[in-house]
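Structure, as structure tokens:
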Amino acid sequence: MARPKIALIGAGNIGGTLAHLAAIKELGDVVLFDIADGLPQGKALDIAESGPVEKIDAAMSGTSDYSAIAGADVCIVTAGVARKPGMSRDDLLGINLKVMKSVGEGIRDNAPDAFVICITNPLDAMVWALQKFSGLPTHKVCGMAGVLDSARFRHFLAEEFNVSMRDVTAFVLGGHGDTMVPSVRYSTVAGIPLPDLIEMGWTTQEKLDAMVQRTRDGGAEIVGLLKTGSAFYAPAASAIEMAEAYLKDQKRVLPCAAYCDGDLGVKDMYVGVPTVIGAGGVEKVVNIKLNKEEQEMFDTSVNAVKGLVDACKGIDSSLA
Ligand SMILES: NC(=O)C1=CN([C@@H]2O[C@H](COP(=O)(O)OP(=O)(O)OC[C@H]3O[C@@H](n4cnc5c(N)ncnc54)[C@H](O)[C@@H]3O)[C@@H](O)[C@H]2O)C=CC1
Ligand SMILES: O=C([O-])CC(=O)C(=O)O
């Protein structure tokens, strides 16, 4: 059986890390695409040359020609611009919307059967635009943010409780911005919900609130430290987890920016929700129940995404 083909659109910090992870995990043959001359070819050759050492059986190539992604099973999109200190993700909207148009058309014309995972920011609006520009079915186009934000929350929780992060689960919902909703009630240590752990004296409300806020600020914390760009190791690992769930039909329950058509009360928008990812793409949105306080936070986050979607429609009339 032929190996799956994975196209990485954008060969920058995340794109290169995605290629390396996909190779090490032997998920399939990788094509790195970028408009920067020599960048995708150079990274592809460098990773290919690690193959004999790592014992990787996967082809790795770099290109600036969309025809090379033909027939891809998965496309992961990181093309565009990352923020620098002092910027918000939303400041990237105008420039990255133009990039989504060319990428969407490239995928539409060359890999219309692919499962597409968008990473480019501002995430929820960009994945919405990418789906419109590509015309691919909504269940085959989704965005990566919730896995990353939940991983950050899990990391902070595991450190606080001094337990293995394997025993910590977390769900972060809503848009991938300052208003994201780390769900305390649906996050657990060994199945015990976080509010119960406060009652058990493992932590305090103040400490939990601080971890929630640090999760919301997780991207900005890394931008402030790196100064030249944004996080890339954890974002790449998160998208690879989603790609693997699709390629291996794992039916993983993962939070991702999925198309909502009335799900959780959201209409014609992409926003972070729990989903089931398997061979059918986003096979299901898990319509969890939110309490009043969670619903208010979720609504605020959805409204922030709606403002960005409206801004996209204002910039590009073909989206209106
Ligand atoms: N959704 C999430 O959770 C996260 C999203 N991001 C976002 O991911 C994006 C990529 O981040 P990095 O890889 O760190 O940036 P980067 O700057 O290292 O790489 C971006 C690459 O896109 C390429 N590019 C620009 N226009 C293009 C086009 N029209 N077609 C093809 N390639 C094009 C550039 O040449 C560059 O190599 C940014 O928008 C960033 O904000 C970053 C981290 C997490
Ligand atoms: O903060 C950024 O600009 C990149 C990002 O989305 C993240 O790391 O969560």
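Against the numbered list (1) under 25 Å from LYS313 (Cα atoms); (2) outside the structural domain of ALA245 (by the TED database), ASP178 comes up short only at (2). Being away from ligand 2 (no atom under 16 Å from the Cβ) and in a loop (DSSP other than H, G, I, E, B) is a property that does not hold for GLY177.
Residue-level analysis places LEU21 among those that are closer than 30 Å to ASP249 by Cβ and part of a helix (DSSP H, G or I). Of the residues making up segment 128-155, just one is within 14 Å of ligand 2 (Cβ to nearest atom) and among the aromatic types (Phe, Trp, Tyr), namely PHE153.
Can we say ALA279 is closer than 15 Å to GLY143 by Cβ and not aromatic (Phe, Trp, Tyr)? No: the conditions fail for ALA279.
When segment 51-72 is limited to residues that are at pLDDT 95 or above and in a loop (DSSP other than H, G, I, E, B), the one that is surrounded by the most Cβ atoms within 10 Å (Cβ to Cβ) turns out to be ALA72. Residues in segment 149-172 that are open to solvent by less than 70 Å² (accessible area, probe 1.4 Å) and not in a helix (DSSP H, G or I): VAL163, SER164, VAL168, THR169, ALA170, PHE171, VAL172. In segment 229-259, the qualifying residues are those that are within 12 Å of ligand 2 (Cβ to nearest atom), assigned to a loop (DSSP other than H, G, I, E, B) and open to solvent by 30 Å² or more (accessible area, probe 1.4 Å), and the one that is nearest to LEU18 (Cα to Cα) is PHE232. Candidates are the residues of segment 36-50 that are part of a loop (DSSP other than H, G, I, E, B) and open to solvent by 50 Å² or more (accessible area, probe 1.4 Å); the one that is nearest to ligand 1 (Cβ to nearest atom) is ASP37. Any idea which residue in segment 189-207 is nearest to ligand 1 (Cβ to nearest atom), counting only those that are open to solvent by 20 Å² or more (accessible area, probe 1.4 Å) and under 21 Å from LYS289 (Cα atoms)? That would be PRO193. Taking the residues in segment 73-127 that are β-branched (Val, Ile, Thr) and part of a helix (DSSP H, G or I) as candidates, determine which candidate is farthest from ligand 2 (Cβ to nearest atom). Selected residue: ILE107. ALA210 - would you say it is among the small types (Gly, Ala, Ser), open to solvent by 50 Å² or more (accessible area, probe 1.4 Å) and part of a helix (DSSP H, G or I)? Spelling it out, ALA210 is indeed among the small types (Gly, Ala, Ser), open to solvent by 50 Å² or more (accessible area, probe 1.4 Å) and part of a helix (DSSP H, G or I). Here is the figure for segment 1-15: residues that are in contact (Cβ under 8 Å) with a residue 60 or more places away in the chain and open to solvent by 10 Å² or more (accessible area, probe 1.4 Å) total 5. The set of residues in segment 94-129 being near ligand 1 (Cβ under 8 Å from one of its atoms) and among the β-branched types (Val, Ile, Thr) consists of VAL99, VAL103, ILE119, THR120.
The values are calculated or read from the model by the stated rules, or taken from the named source; none is laboratory data. Bear in mind that the values here come from a model prediction, so they are computed numbers and not experimental data. Reconstructed Cβ throughout: ideal geometry from the backbone, glycine too, with neighbour counts over all protein chains shown. Calculation scope for accessible area: heavy atoms of the full protein, side chains included, ligands and nucleic acids excluded. Shrake-Rupley method; radii C 1.70, N 1.55, O 1.52, S 1.80 Å.
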